[in-house]
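Every number here is computed from the coordinates shown, using simple stated rules; none is lab data. All of these numbers come straight from a predicted model, not from anything done at the bench. Using ideal geometry, Cβ is built from the backbone for each residue, glycine included, and neighbour counts are taken over all protein chains shown.
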Amino acid sequence: MKAVYKKELSSFFRSMTGYALIAFLVTFTGVYFMLYNLNQGYPYFSYTLSAIMLVLLVLIPVLTMRSFAEERKSRTDQLLLTSPVKIRQVVAGKYLAMCTVYLIPNLIFCLFPLIIKAQGNAYLLADYCSILQFFLLGCSFISIGMFFSSLTESPVIAAVSTFAATLILYIWEYLTDYLPDGAAANFIFVLAIGLGLAAVIVHVTKNRFLGSAIAFLIAAAAIITCIFNSSLFEGLIKNLLGSLNLAQGFNNAAFNQIFDVTGVILQLTVIFVFGFLTVQSIEKRRWS
């Protein structure tokens, strides 16, 4: 893993990609810092981080799009698939290299709250919590981008897919507001999820009896619950999906000055899940 990490990290700076990404992010942050914190006098650096979020959503796909797609396109991925190095070590090495590139501008961001402090009132603890949440959110997006890069041999398709996915996750809170609150609609939604889960199980295991049994159990549990206490379905899907808001931790730190431990756990879970999915995606090609 160490060799893969060093190789990937050096490749970012040999091709100037790493320098360009860091300079681009720091430059935009500096512009918004002057606008919000210096000119308008906002004491929270977190407002600046929130303003550059769309810039981050563009840079992350550029950072991750070549991680596996480029090697698959040039067929150099065969060297990785046949090497004695374990796939999970390759994935971890590449992921840590990308996170290191992303870490550099975040370390530079740590200077900005000190500049605010030198000019007057500052809230250092809140700002540094925001920077940490901003970094973890970016690391979550990197893991998602790495997964999409492992699915295709086109870096452009990987970048577009990553941008679309991360944009949806960033506006997740607004999307869930359009979900219905009524018990009937949520009941139907639960049944649809149960049938979809059963279909996936049948497809994976080729066991129709198991899939049918799971579908029956989910439907029976939903119907019994609806008969005895239908109010449990009110707002159920909205609440469940709302708890998966990946940007909530950063928003709490940026606007409410709250360090959201639940948000950190969610971000770390996303990193682990998409890292695991990336390993499985590559392993599937290895044995196919």
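At a glance:
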| read-out | value |
| --- | --- |
| Most positive-pole-ward Cα, Val160, Val279, Tyr178, against dipole of the chain from beta carbon charges | Val279 |
| Alpha-carbon centroids, region 99-132 and region 1-52: separation in whole Å | 12 Å |
| Burial order of peptide ranges 146-152, 52-58 (average beta-carbon count within 10 Å, highest first) | 146-152, 52-58 |
| Per-residue [θ]222 nm for the chain (sum of -39500 (n - 2.57) over DSSP H runs n ≥ 4, rounded to 500) | -25500 deg cm²/dmol |
| Under the span-like rule (Cα at least 20 Å along the axis, Kyte-Doolittle mean at least -0.5), DSSP H helices of the chain | 17-33, 87-109, 124-151, 155-170, 183-205, 208-228, 261-287 |
| Segment Tyr19-Leu114, length gained on full extension (0.36 nm per residue, minus Cα span) | 31.8 nm |
| Cα→Cβ-extended label distance, 7 Å offset, between Ser154 and Ala221, nm | 4.0 nm |
| Those chymotrypsin sites (Phe, Trp or Tyr not before Pro) in region 176-283 that DSSP places in a loop and that have at most 14 other beta carbons within 10 Å | Tyr178 |
| Shape call, the chain: gyration tensor on alpha carbons, a/c limit 1.5 | oblate |
| Magnitude of the charge dipole, the chain, Cβ model with Lys/Arg +1 and Asp/Glu -1, debye to 20 | 1240 debye |
| Coil-residue trypsin sites (Lys or Arg not before Pro) of region 182-277, DSSP, other Cβ within 10 Å capped at 13 | Lys206 |
| Candidates Ala215, Ala122, Ala158: whichever shows maximal mean-square fluctuation once the chain is modelled as a Gaussian network with Cα springs under 10 Å | Ala215 |
| Label-point separation, Leu54 to Tyr178 (7 Å along Cα→Cβ), nm | 1.8 nm |
| Estimated inter-spin distance, Ala3 and Thr262, nm [label 7 Å along Cα→Cβ] | 4.6 nm |
| Length-normalised contact order for region 183-234 - Cα pairs under 8 Å, 6+ apart - percent | 49 percent |
